[in-house]
Structures are given as C-alpha cells and as structure tokens.
Number of protein chains: 2
Amino acid sequence: MVSSRQTQSIRLVWEVFDRSDNAFSVVELVQMHKDSMNKTTVYRILDRFEKEGKLHTFLGKNGLKWYAKCNNCSSKQHIDIHPHFQCNECGKVECLSIDVKIPKVAKHHIEQANMLLLGQCDECVV
Amino acid sequence: MVSSRQTQSIRLVWEVFDRSDNAFSVVELVQMHKDSMNKTTVYRILDRFEKEGKLHTFLGKNGLKWYAKCNNCSSKQHIDIHPHFQCNECGKVECLSIDVKIPKVAKHHIEQANMLLLGQCDECVV
DNA sequence: TTATATTTGCAACCAAGTTGCAATAAGTGG
DNA sequence: CCACTTATTGCAACTTGGTTGCAAATATAA
Ligand SMILES: [Mn+2]
Ligand SMILES: [Mn+2]
Ligand SMILES: [Zn+2]
Ligand SMILES: [Zn+2]
C-alpha cells in the first residue's frame, strides 16, 4: 500500500535519505529511529517508499537489506537498476552509476542482473 | 576447521553434491537430512566443505545461502568465481560458467564481483 | 582394545523480519 | 473548531535462518 497520509514518522524516515545520497541498511535505520518509532513502523515505511518508487532496495554482502534513494522511479516501475558497492573494511555501501550489460544465457530468459562489488572504498583504500 | 575424520554425516551430505551439479539452499539441505542428522551438523559440515574448497557459497534472491560444488578449488583459495542464476518461477539456482569482467570504480579497489541473474530457467521459460 | 580428539545432538539463543489487533492520529466535511 | 472515518502506528508475539556451549558419541591412532 502506498502512503496517503503525511505522518511524523514518514517525515523523519524520509529526512535521512533527503539529507544524503548514501545507502542505509535496515538495521541502521531501525537503530537511528529507535527513540521516535517502533521497528515495525520503520519496516513498513521503507516498504511503502519502495512501492512509491522513492527508494530502491538490494542485499548487502551478508544478505542484509539496504535502501537508497531512487532517481526518476515511480510507483509504476523502478527504472534505475545499477550495481552496488560494499566496502569490506568499513561496511559502507554505495550506488554505482555504471552500466552492467546483462549476459545472455542459452535457453534462459534473464530479467534482471543484481551485482554487488566488494573491496575497499575511497576512504579505506591504501 | 577442516574435517579430519570421515563420518557418516559427512558422507551423506557429500553424496548430495556428488550426485548432481545443482546448487542447494541450506534450507533444502537441512530438510533432506533431517532424519539422519541435526541441522547444526548440516551447517557445520557445509562450513567445513567450504573451507576445504569442496563447495562454494553465494546468496540467492532472498538472501538465503546456497551451496554448490567447486571446480579445482582448495583450502588455500576459491578460484572458480562465477555468476549465478535463479529462476523467478521455480526457484532453481544454477552456476553459470561465463566470465563477468569486474568493472573499475574510481578511487575504489574492487576485490570481487557477485552477480545474481534472475529470470526464467530452461524449464520455466515460455 | 583403549585412549584421545574430533564430531555430533540438543537445547537455548540471536537477529532480521512479519503479523494481528487494538490504540492513535491524519485528513475531511460540517 | 469538532466529530468522524480510516490510514497509520505500537506492541507483543511469532517465524525463520543461523549460532553457541557443552556433554555425549564415535572415528582413528597406538
Ligand atoms: Mn542503488
Ligand atoms: Mn557456483
Ligand atoms: Zn570503507
Ligand atoms: Zn524455473
């Protein structure tokens, strides 16, 4: 279901993404809002933002869910599919605006390619 | 820790992989051995096989852990890194022997690229 | 066959995520 | 400004995948 009311909690969660272009894990998001709302609420709001095309999600290296702002997506479709990077040192996650060409596989129909790059980020690289 | 004894349980878990080139989720593996061993044992044996370079693991579309046979890996290193495919219809997972060239990202050091392709497998494609 | 160290079972635990339902609070119209 | 309707939230309980500590079992070397 898509949000139809502008609540305090919705504003608070959105602010985090509005102020930064980083990706945030669901664990961070629950943690940073733990004094102002229930974790269920955080999960539900993130869910709605995704359905509305405001945020997109992907899985980090341990299968943890991450959220980041969308560009030009809508409740109709998510169009900004791109690879993500996660730093093995500090754990930070970034959206990468590079194109991955989807490989062809005989007799298969490929709909989507999820790519997660692992390594050291600009702050952790030696 | 690497196996130093050949037990019944170890033999049973290995047989599954020996008989097929499929990938198996940890959930399937626990399920199929539930009458002959404890789930903890399954987890521990899979763990050892990975450390020994007999199996490699990766995450499927819901963050679930999957295991598949290695080719020419050892306890020293896993060398057969490749993309995986998961069918959106039947859930089946396959190792793909295709090369993915690792993209360069400015100021980052990329160590590894995990790629998961999603779509319809040969049996589910229309 | 015995000794020893590895492996296993079990029960309890943990973390991420979900559900049902009652309470609360946006938004609407009067 | 007030009442009403219904979306949203809090809460507690639950589910699932995965881990841990420790005592019991068992593979192997002597
Ligand atoms: Mn992204
Ligand atoms: Mn594989
Ligand atoms: Zn870093
Ligand atoms: Zn299929």
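Read-outs throughout are calculated quantities, based only on the coordinates presented, and are distinct from any laboratory measurement. All figures in this text were calculated on a predicted structure; none of them were measured in a lab. Neighbour counts run over all protein chains shown; Cβ positions are idealised from the backbone, glycine included.
Data overview
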item: Qualifying residues in segment A:101-126 (those that are within 15 Å of B:GLN112 (Cα to Cα) and in contact with a His (Cβ under 8 Å, 6 or more places away or on another chain)) - the one nearest to ligand 3 (Cβ to nearest atom); result: A:CYS121
item: Qualifying positions in segment A:106-118 - in contact with a strand residue (DSSP E or B) (Cβ under 7 Å, 6 or more places away or on another chain), within 16 Å of ligand 4 (Cβ to nearest atom) and either more than 9 Å from every other protein chain (Cβ to nearest Cβ) or not charged (D, E, K, R) (or both); result: A:HIS108, A:HIS109, A:ILE110, A:GLN112
item: B:ALA68 more than 16 Å from ligand 1 (Cβ to nearest atom) and either touching a residue at least 24 places away in the same chain (Cβ under 8 Å) or under 30 Å from A:ASP122 (Cβ atoms) (or both); result: yes
item: Neighbours by Cβ (under 8 Å, 6+ apart or cross-chain): first from segment A:1-29, within 13 Å of DNA strand C (Cβ to nearest atom); second polar (S, T, N, Q) and not in a loop (DSSP other than H, G, I, E, B); result: A:SER9/A:THR41
item: Selection within segment A:71-105 - more than 8 Å from every other protein chain (Cβ to nearest Cβ) and more than 19 Å from the chain's Cα centre (by Cα); result: A:GLU89, A:LYS101, A:LYS104
item: Residue satisfying all of: in segment A:110-126; without any contact (Cβ under 8 Å) to a residue 12 or more places away in the chain and either of a type in the set (A, V, I, L, M) or assigned to a loop (DSSP other than H, G, I, E, B) (or both); surrounded by the fewest Cβ atoms within 10 Å (Cβ to Cβ) among these; result: A:VAL126
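Here's the yes/no breakdown for (1) surrounded by fewer than 18 Cβ atoms within 10 Å (Cβ to Cβ); (2) more than 16 Å from DNA strand D (Cβ to nearest atom):
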| position | (1), (2) |
| --- | --- |
| A:ASN22 | yes, yes |
| A:ASP35 | yes, no |
| A:TYR43 | yes, no |
| A:PHE49 | no, no |
| A:CYS70 | no, yes |
